[in-house]
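See structure below.
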Amino acid sequence: MKRYIFLLIVIFVVPLSATGQNNKWSLDACIQYAIGHNIQIKQQELNTKLNETALKQSKLSRLPNLNAGTNYSFSTGRVLDMTTYRFTNNSVNYMGTNIGSNVNLFNGLKTNNTIKQNKYRLMASMAELDRVKNDISMNIALAYLQILLDKELLTVAQEQVGITRQQIDHTRKLVDAGSLPMGNLLEIEAQEASEEMQVVNNTNALDIAYLNLTQILDLDSVGGFDIMVPEIENPDSNFIIPKVAEVYADALNIMPQVKSADYQLKSSELALKIAKGSRSPRLNLSGSFNTSFSDNRKKILGVDPVEGIIYGEYPFWDQLGDNRNWGIGLGLSIPIFNNWQVEQGVSNAKINIENAQLQLQNEKNQLYKEIQQAYADARAALKKYLATKKTVSSMKESFRYTAQKFNVGLVTSVDYNTAKNQLAKARSDMLGAKYEFVFKVNVLNFYRGKPFNLNLKF
């Protein structure tokens with residue numbers, strides 16, 4: 001079970017630790033930090049502890065109980081002295097003490113079935129804890145990849161501005177020499193302003209991506225937070241995407257949401273046995289010890305031939321010793337009619353079993369749909385990446401050719417900017433497809449119990 005708790009922990013092949021590059025966070029460090037600090041995880045851990053306590057209590061319920069008690073009363077007038085069972089007109093101070101124990105011998109196996117049921121509830125709670133950890137880890141991985149993508153998109157935008165500024169310098173020289181009209185320079189300067197705005201937009205998107213990740217981590221501030229940038233290989237057309245059937249077969253055995261639903265079903269089946277156990281007779285064994293004291297009771301000191309029985313004071317400790325009594329009992333309770341409560345309980349338990357069966361099937365169906373979607377998204381992303389890769393290659397050559405013609409005045413600045421924008425868009429689309437593919441392939445691997453790894457070998 002432990003090796004699946006951190007299913008999304010990344011294994012980075014880097015020479016430095018997460019704190020070795022100006023305290024930059026690796027994906028592994030982010031996931032481990034969230035698992036140790038996330039409130040949802042802490043809440044589920046508390047729920048698990050409650051189920052552990054319930055299991056311990058159900059096991060301890062097999063033991064006999066033991067209770068002690070005492071009571072004191074003061075009565076006056078015509079009073080029944082509980083130590084002599086005689087009425088007296090004197091005031092009476094009475095104290096009784098008892099110790100009793102009771103143990104269940106048979107109750108329709110309800111105790112044993114309750115223990116089993118609480119075991120499954122605990123296992124379901126532990127599976128839910130794994131599920132929460134996996135969900136948090138998945139969100140962190142997605143936010144982490146979004147930062148990496150936004151970093152590259154920002155780099156593309158900054159490179160565009162750099163190219164445009166070089167062209168401005170070149171165009172200004174041609175305008176000053178009279179080879180080009182001033183309008184060409186103004187159009188390129190307008191393009192520069194537009195591209196600078198795009199840099200601002202990409203910078204804002206990167207800031208939001210950082211904010212999103214730090215909020216998932218529940219960090220107080222974004223300031224000083226940065227992530228490590230691993231080397232991510234470009235996808236290859238020969239990469240074999242795991243098939244849906246293979247992934248689903250592995251996922252059924254390891255995914256906590258399926259395990260949790262299965263444990264809940266087993267718990268519901270035991271609940272039915274517990275409900276049926278209420279039809280059985282109950283047998284219990286009890287024992288007790290009692291003693292008492294009354295200040296109205298007198299002790300027989302002897303018999304006088306003339307005066308008869310001679311009474312004297314009856315000391316407290318003497319009374320407690322003399323009034324001792326023990327008892328043991330065996331009780332049998334046979335249910336005959338209880339307003340159909342047992343039958344209703346059995347009926348409700350059967351309904352809960354059907355509901356748990358549907359929930360289990362729903363979790364399996366949902367898992368299959370998620371795997372299908374991840375597989376379809378991975379294939380689509382790979383196709384898009386390979387297509388945009390060709391497009392980028394063609395666009396680069398086209399832009400180089402357009403730039404040469406623009407420099408000699410054979411095309412307008414509009415044609416030049418159009419070619420440059422098309423290249424930038426193709427590069428952005430290629431990067432988006434690349435990171436989408438990396439994420440979806442890792443999702444498929446995650447469903448097979450493999451750790452989230454950005455260093456995929458294509």
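The values are calculated or read from the model by the stated rules, or taken from the named source; none is laboratory data. From a predicted model like this one, the values you see are computed outputs, not experimental measurements. Cβ sites come from the backbone with ideal geometry, for glycine too, and all protein chains shown count toward neighbours.
Determine if the range 296-317 includes at least one residue that is part of a helix (DSSP H, G or I) and in contact with a strand residue (DSSP E or B) (Cβ under 6 Å, 6 or more places away or on another chain). Spell out the reasoning first.
Step one: list which residues in the range 296-317 are part of a helix (DSSP H, G or I), which gives 316-317.
Remaining after also requiring in contact with a strand residue (DSSP E or B) (Cβ under 6 Å, 6 or more places away or on another chain): 316.
Within the range 296-317 (the criterion being part of a helix (DSSP H, G or I) and in contact with a strand residue (DSSP E or B) (Cβ under 6 Å, 6 or more places away or on another chain)), the answer is yes, since at least one residue qualifies.
Of all residues in the range 317-328, which are surrounded by 11 or more Cβ atoms within 10 Å (Cβ to Cβ) and either more than 13 Å from residue 98 (Cα to Cα) or more than 60 Å from the chain's Cα centre (by Cα) (or both)?
Passing the criteria: 318, 319, 322, 323.
Kindly indicate whether residue 453 is over 28 Å from residue 201 (Cβ atoms), touching a residue at least 60 places away in the same chain (Cβ under 8 Å) and either of a type outside the set (Phe, Trp, Tyr) or not in a helix (DSSP H, G or I) (or both).
yes
Do the conditions hold for residue 358, that is, is it touching a residue at least 24 places away in the same chain (Cβ under 8 Å), among the hydrophobic types (A, V, I, L, M, F, W, C) and in a helix (DSSP H, G or I)?
When the stated conditions are applied, residue 358 does not pass them.
Only residues that are of a type outside the set (Lys, Arg), surrounded by fewer than 17 Cβ atoms within 10 Å (Cβ to Cβ) and over 30 Å from residue 168 (Cβ atoms): list them for the range 416-458, please.
Residues satisfying the conditions are 449, 455, 456, 458.
Anything in the range 357-415 that is surrounded by 17 or more Cβ atoms within 10 Å (Cβ to Cβ), charged (D, E, K, R) and in contact with a Leu (Cβ under 8 Å, 6 or more places away or on another chain)? List them, or say none.
Result: 364, single match.
Would a scan of the range 398-406 turn up a residue that is under 23 Å from residue 149 (Cβ atoms) and polar (S, T, N, Q)?
No - not one qualifying residue is present in the range 398-406.
For the range 282-302, does any single residue satisfy the condition of being more than 30 Å from residue 90 (Cβ to Cβ), touching a residue at least 60 places away in the same chain (Cβ under 8 Å) and basic (Lys, Arg)?
yes
So residue 207 ticks every box in (1) under 12 Å from residue 154 (Cβ atoms); (2) surrounded by 17 or more Cβ atoms within 10 Å (Cβ to Cβ) but one. Which box is left unticked?
(2)
Quick check on this structure: which one of 46, 105, 122 is surrounded by 13 or more Cβ atoms within 10 Å (Cβ to Cβ) and not β-branched (Val, Ile, Thr)?
Testing whether each residue is surrounded by 13 or more Cβ atoms within 10 Å (Cβ to Cβ) and not β-branched (Val, Ile, Thr) leaves just 122.
Under 7 Å by Cβ, and 6 or more places apart or on different chains, what pairs join a residue from the range 92-121 that is farther than 28 Å from residue 332 by Cβ and touching a residue at least 12 places away in the same chain (Cβ under 8 Å) with one that is charged (D, E, K, R) and buried (at least 16 other Cβ atoms within 10 Å of the Cβ)?
The qualifying pairs are 92/81; 92/295; 93/295; 120/266.
Please give the number of the condition residue 343 fails out of (1) among the charged types (D, E, K, R); (2) surrounded by fewer than 13 Cβ atoms within 10 Å (Cβ to Cβ); (3) more than 18 Å from residue 449 (Cα to Cα).
Of everything listed in (1) among the charged types (D, E, K, R); (2) surrounded by fewer than 13 Cβ atoms within 10 Å (Cβ to Cβ); (3) more than 18 Å from residue 449 (Cα to Cα), residue 343 misses just condition (2).
Is it the case, given these coordinates, that residue 154 is over 23 Å from the mean Cα position of the chain (by Cα), under 19 Å from residue 424 (Cβ atoms) and surrounded by 17 or more Cβ atoms within 10 Å (Cβ to Cβ)? Steps first, answer last, please.
Working: over 23 Å from the mean Cα position of the chain (by Cα): yes; under 19 Å from residue 424 (Cβ atoms): yes; surrounded by 17 or more Cβ atoms within 10 Å (Cβ to Cβ): yes.
Yes.
Could you tell me whether residue 231 is outside any loop (DSSP other than H, G, I, E, B), charged (D, E, K, R) and under 28 Å from residue 437 (Cβ atoms)? Full working, then the answer.
Details: outside any loop (DSSP other than H, G, I, E, B): no; charged (D, E, K, R): yes; under 28 Å from residue 437 (Cβ atoms): yes.
Against the criterion (outside any loop (DSSP other than H, G, I, E, B), charged (D, E, K, R) and under 28 Å from residue 437 (Cβ atoms)), residue 231 does not qualify.
With the requirement that a residue be buried (at least 17 other Cβ atoms within 10 Å of the Cβ) and either touching a helix residue (DSSP H, G or I) at 6+ places or on another chain (Cβ under 6 Å) or within 30 Å of residue 135 (Cβ to Cβ) (or both), what does the range 55-97 give you?
Result: 55, 58.
Can you report the number of residues in the range 129-181 which are more than 30 Å from residue 208 (Cα to Cα) and either among the polar types (S, T, N, Q) or assigned to a helix (DSSP H, G or I) (or both)?
As a first pass, look at the range 129-181 and keep what is more than 30 Å from residue 208 (Cα to Cα): 166-181.
With the extra rule that they be either among the polar types (S, T, N, Q) or assigned to a helix (DSSP H, G or I) (or both), the set shrinks to 166-176, 179.
Adding up the residues that qualify gives 12.
Does the range 242-260 contain at least one residue that is of a type outside the set (D, E, K, R), at pLDDT below 90 and at negative phi?
For the range 242-260, residues of a type outside the set (D, E, K, R), at pLDDT below 90 and at negative phi: absent.
How about the range 212-225: which of its residues are assigned to a helix (DSSP H, G or I) and either exposed (fewer than 14 other Cβ atoms within 10 Å of the Cβ) or over 25 Å from the mean Cα position of the chain (by Cα) (or both)?
Taking the range 212-225 and keeping what is assigned to a helix (DSSP H, G or I), we get 212-216.
Across the range 212-225, the qualifying residue is only 215.
For the condition without any contact (Cβ under 8 Å) to a residue 60 or more places away in the chain, closer than 30 Å to residue 121 by Cα and in a helix (DSSP H, G or I), what is the one hit in 257, 344?
Among 257, 344, only 344 is without any contact (Cβ under 8 Å) to a residue 60 or more places away in the chain, closer than 30 Å to residue 121 by Cα and in a helix (DSSP H, G or I).
From the list 403, 419, 424, 433, pick out the single residue that is of a type outside the set (Phe, Trp, Tyr), assigned to a helix (DSSP H, G or I), under 30 Å from residue 138 (Cβ atoms) and out of contact with any Asp or Glu (no Cβ under 8 Å at 6 or more places or on another chain).
433
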